[in-house]
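First the structure, in the form of structure tokens, and then the observations on it.
The values are calculated or read from the model by the stated rules, or taken from the named source; none is laboratory data. This one's a predicted model, so the numbers in the text were calculated from it and none came from an experiment. Cβ: placed from backbone, ideal geometry, glycine included. Neighbour counts: every protein chain shown.
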Amino acid sequence: MYVLSRVVNAIRTHPSVKPVASSLKSWLPWVISAGLLSWVYLSNDMADIAKGLATADYWSYGLLLTVFVLCSWLMDSFYLTVSYSWLAGKGSFIPILRARAASYLLAIVSNFVGMGGIVFFMKKRFGVKLTRGTGIMVLELLQEVGAFGILSLAALLFMMQLDDALVQTIFNFGIGTVLFYIACFLTSRVFRHYILNRDREKALAVVADLPATKFAALLGIKVVYNLMHGIFVGLAFHCFYLDVPLVFAAASTQVIQLVRSLPVFVFGIGVDQISFSYLFAPWEIVSGQVIAFSVIYTFSMVFSRGLLGLIFTPGIIKEFQKDK
């Protein structure tokens, strides 16, 4: 095993392999998303999907989307302001509001690229060390996972009358994410000195530095944010004439959000369509309605958040150029 690991490491770090590996890392999520999207369309009747797209109430959907995107942007920025204030003693709401909007443009490539943009901005604008900023973003990811699990399990109290297989899916997801959340919390607070290298230990030190009350407060902000997202999806279904129970939609959105945030997909393209189809197909009146909704959901989120990024990114670039 030792010899094998040495061989693999030698191949991975070889000068001729590095550019290829870097290129694959950049393009693989696009290839996977495109492949999933192609598979979805080949597996479904395009006429049914077109009918679902044609009959939707776009005015109501557009209004809901606008309210959600603006409210989620404010909530995102509020969370970052509070977490940086508590863990780095730096930051203010308006600059972070602008940076959060600009990061949405980067997040189209990858959620982690968007987070990296926030870390870089806080370093340039407020002097927050990169390891500290990285730790704050790792904490945000952890709080999102905790919020996913809490909302999923809480929603089960209202979903016992639904299909057993779907309820079991939500239950398994909720239990799995909560256990993962607890394991990460214990690792960062108790075991990080023993299992992590020095840089990663510094990044996770922010969790140990946060008092329990403030840790819970940040989790609470994420729970409210994710609940707001779930309610948006639940209400938006009605714009496509899908009578999905609001509680189930809110819980299922937590599953979809976790899956679509994995770095092997591009902004949920492809994986959204598969996830929505699996979870919400029982509520279709006509075949193709859920796929139609998922397509509009995915690309409207990309467009609306990308538009926010386009509005604020030029100003931030100019600000950095003046500092040189």
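Scanning the stretch 117-154 for residues that are closer than 18 Å to Leu227 by Cβ, surrounded by fewer than 20 Cβ atoms within 10 Å (Cβ to Cβ) and more than 15 Å from the chain's Cα centre (by Cα) turns up Leu153, Ala154. Of all residues being among the hydroxyl-bearing types (Ser, Thr, Tyr), in contact (Cβ under 8 Å) with a residue 60 or more places away in the chain and in a helix (DSSP H, G or I) in the stretch 66-112, which is farthest from Leu210 (Cα to Cα)? Just the residue, please. By that ranking, first place goes to Thr66. Selection over the stretch 92-116 of residues that are closer than 11 Å to Thr313 by Cα and over 12 Å from the mean Cα position of the chain (by Cα) gives a count of 8.
Quick check on my filter: what residues within the stretch 82-97 are closer than 29 Å to Tyr297 by Cβ and either in contact with a strand residue (DSSP E or B) (Cβ under 7 Å, 6 or more places away or on another chain) or surrounded by fewer than 19 Cβ atoms within 10 Å (Cβ to Cβ) (or both)? The answer is Val82, Phe93, Leu97. Of the listed requirements (1) at pLDDT below 80; (2) part of a helix (DSSP H, G or I), Leu162 misses just one: (2). Do you know which of the residues in the stretch 234-291 that are in a loop (DSSP other than H, G, I, E, B) and under 17 Å from Phe173 (Cα atoms) is farthest from the chain's Cα centre (by Cα)? Looking at the filtered set, the residue picked out is Leu262.
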